[in-house]
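Contents: one structure, followed by commentary.
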Amino acid sequence: PGSGTGTDPGTDPGTGTGTGTGTGTGTEIVMIESRSVFRRRRFHRAKAHLVLSAMRHRAAELGDRVRYVRAETYREGLARAVGDAPVTVHHPTSHAALRFVRSLEQVTVLPARGFLVPAEDFAAWAGERDGDGSSARTGAPTTERAGADGDRGRAGGRLRMEDFYRAVRRRHRLLMDGDEPAGGRWNLDRENREPPPRGEALPVPPPYRPREDAIDEEVRRDLDRWEAEGAVSFTGRDGPRLFPATRAEARRALRRFTGERLGSFGPWEDAVLAGDWAMSHSLLSPALNLGLLDPAECVAAAEDAYRTGSAPLNSAEGFVRQIAGWREYMWHLYWWFGDGYRRANALGHREPLPRWFDELDAGAVTARCLSTALAGVRDRGWTHHIPRLMILGNWALLHGWHPRAVTDWFHRSFADGYDWVMLPNVVGMSQYADGGRLTTKPYLCGGAYINRMSDLCGGCAYRPDRRTGERACPFTAGYWAFLDRHRERLAHHPRMARSVNGLDRLRDLPELRRKEEARGDGPP
Ligand code: FAD
């Protein structure tokens, strides 16, 4: 860890590539800071700051073992650093980056780092289940081949996260007592869906907060200068850095989480409080995705907390499930589904992102849940899972925004966003653009769910139980309008049919239709 896996010449700022030149113990590292990446996409400033800070901190640690090049492009940087000498690179984290490094004759691509499950193991597992089955018959492909070959056959619901997760638990002996899951059950989700307790914040110690140093100051000065020169422009606020930029900081963050916060992670995993942006979440995704933490040490620390009695099983299992289940699953599906997955648009959604959303203009939004979530993105480049899925992503889905534009927005706006993690989470999980290859149903909700799982409806101008009228909740109205629009497609869906049938009971449906059509794309 520390050499980074968040490399992406095509789409992401910076690269922690850790490219080695030469052989043996004298191996040198090449790191390239590419300016053109920042021109191509309008990133959140806190994200640009974090990535540059992590790279420059790593370079400072490596001292004269690193050739650190600031260049316009990766190609130019590599030429300046090593000419055409041979280099090795760990498997990059995007299709574009993989194509790029493969196009260079001097580069040897090593296996990916930063994940528990090797490509071959996933291919063997998925090959037995996936629709076209080619992998099982032709020998386990590497995930790279899956990407290069284009799309796999339909997962057809047979690639199930729960099955994968159990296989990972068994194979890696995570939270196992002999051949059985610790505590006798694989899944403790039911205990992990509690609404938030009363009060402004959870009764837990605050998350770890890094201290900025001279490198952060230099990064901030550079970003100011680039913006002033008009060369690049960012969204969001670059407040004090919230996430680890070094291995030492990342280890402290992990210790703080597993030692003091993990205990309450489970029950309130899905809950949202207006006054508590972090809740009991680990905030470790940026460090994991930068390669500053290894997933194995994260799950080991959580298991240790359970075995030594400092965290209950539902919290430890909930956390292990996120890392060893969801994170691994998303990584492998990114390659398994192939590059064409980014073009999926099963619902035919075409609306562009409105300006207020793109600009993170939380102040323009009246609906308190959306305004709070958007303000979180603006101020920190991070919100926890439920605001991402059930507020921000849900709003985009309900209003038919183009899944590619939504994916791009999440990618640019979140400190932990990289192509590999965006595609499955946004195209698949959040926007249902893949028509159900990754999830069994669209994740959408009206105000009732938000009201149950948060305190956000309390001080809101709208009422979660109203569909029409002056105080109609825009999420509730949007929910019914979505079902109405997609009625035909969803009427026979085993997990949606009941909701769709509910449309027949709405006497105000004509009024709701009229209002939604007239709504426009202004902030709700
Ligand atoms: P915790 O709640 O503490 O969970 C622990 C860890 O589990 C996370 O750090 C993360 O590494 C992993 N994890 C959990 N769920 C997922 C998942 N679905 N996919 C991948 N890893 C997961 N995660 C990212 O790392 N980067 C993203 O850009 C990203 N974008 C998302 C966009 C949408 C629309 C949705 C619905 C989810 C997204 N996620 C993303 C997944 C998840 O929301 C974040 O990993 C999590 O909120 C990060 O906060 P945390 O570290 O406190 O996580």
Output for the stretch 38-109: GluC sites (Glu not before Pro) sitting in coil per DSSP, at most 10 other Cβ within 10 Å, listed by number, reads Glu105
Assertion target for Thr27, Thr258, ordered by fewest C-beta neighbours within 10 angstrom first, is Thr27, Thr258
Residues Met31, Met330 in order from fewest to most other beta-carbon atoms within 10 Å are Met330, Met31
One checks the Cα atoms of the chain and finds Rg and Dmax, in Å, of 23.0, 75
Residue span Glu511 to Ala461: 0.36 nm per residue of separation minus Cα-Cα distance leaves a gain in nm of 16.0 nm
Residue separation between Arg495 and Arg350 times 0.36 nm, minus their alpha-carbon distance, gives in nm 49.7 nm
Fewest-first ordering of Lys47, Lys515 by Cβ atoms within 10 Å yields Lys515, Lys47
Checked the stretch 310-399 against the a/c 1.5 cut and the a/b vs b/c comparison, axes a ≥ b ≥ c from its Cα gyration tensor; verdict oblate
Note to self, the chain gives a 222 nm [θ] from helices alone (DSSP H runs n ≥ 4, -39500 (n - 2.57) apiece, / all residues, nearest 500) of -11000 deg cm²/dmol
So Asp84 and Glu180, fully extended at 0.36 nm per residue minus their Cα-Cα distance, gain in nm 29.3 nm
Distance in nm between Glu128 and Glu212 label points, each 7 Å along Cα→Cβ, equals 5.2 nm
Nearest 10, in degrees from 0 to 90: the angle of helix 403-413 to the longest Cα principal axis of the chain is 60 degrees
For the stretch 19-110, shape from the Cα gyration tensor axes a ≥ b ≥ c, cut at a/c of 1.5 then a/b versus b/c, turns out oblate
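The numbers here are math on the coordinates, done by the rules we state, and not lab data. All figures in this text were calculated on a predicted structure; none of them were measured in a lab. Please note: Cβ atoms are built from the backbone with ideal geometry, for glycine as well, and neighbour counts cover all protein chains shown.
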